[in-house]
Amino acid sequence: MILHQILRLSSIFRSAVSIHLRRNIGLSAIVFNKTKELDPVQKLFLDKIREYNTKSKQAGGPVDAGPEFQKDMNESLARLQRAYGEGDLTKFPEFKFE
């Protein structure tokens, strides 16, 4: 009886330790990837995202959007204002809870 309980507790302990080790190995893999150089595809992807970010800040909106995009956006905003009432639809709403 005591031997059965010891074996059962050891299997529970073994499974808990294995889960803990798997999590630590996963976290250490992430840490080691951060310390070494990115591969060329990841670097290119991050460079393009940063480039788009600077272009969008300079343009003040979407990059390479023509006049038809602005026309469609104005029509959509007008349609939404008719449907849902007045207000600035380009801002995130502010919620006040009492």
Completion exercise
Ignoring ligands and nucleic acids, residue 69 exposes an accessible area, probe 1.4 Å, in Å² to the nearest 10, of 90 Å²
Handout entry: Where 84, 52 fall by accessible area, highest first, once all protein chains stay in place (1.4 Å)
Key = 84, 52
Practice task
Compute, for residue 12, the solvent-accessible surface of its heavy atoms (probe 1.4 Å) with the complete set of protein chains present, and express it in square angstrom to the nearest 10.
Solution key: 100 Å²
Problem - residue 14 accessible area, assembled protein chains, probe 1.4 Å, Å² - result: 150 Å²
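The values are calculated or read from the model by the stated rules, or taken from the named source; none is laboratory data. Predicted, not measured: the structure shown is a model, and the values here were computed from it. These accessible areas exclude ligands, DNA and RNA; they are computed on the full protein's heavy atoms, side chains included. Shrake-Rupley method; radii C 1.70, N 1.55, O 1.52, S 1.80 Å.
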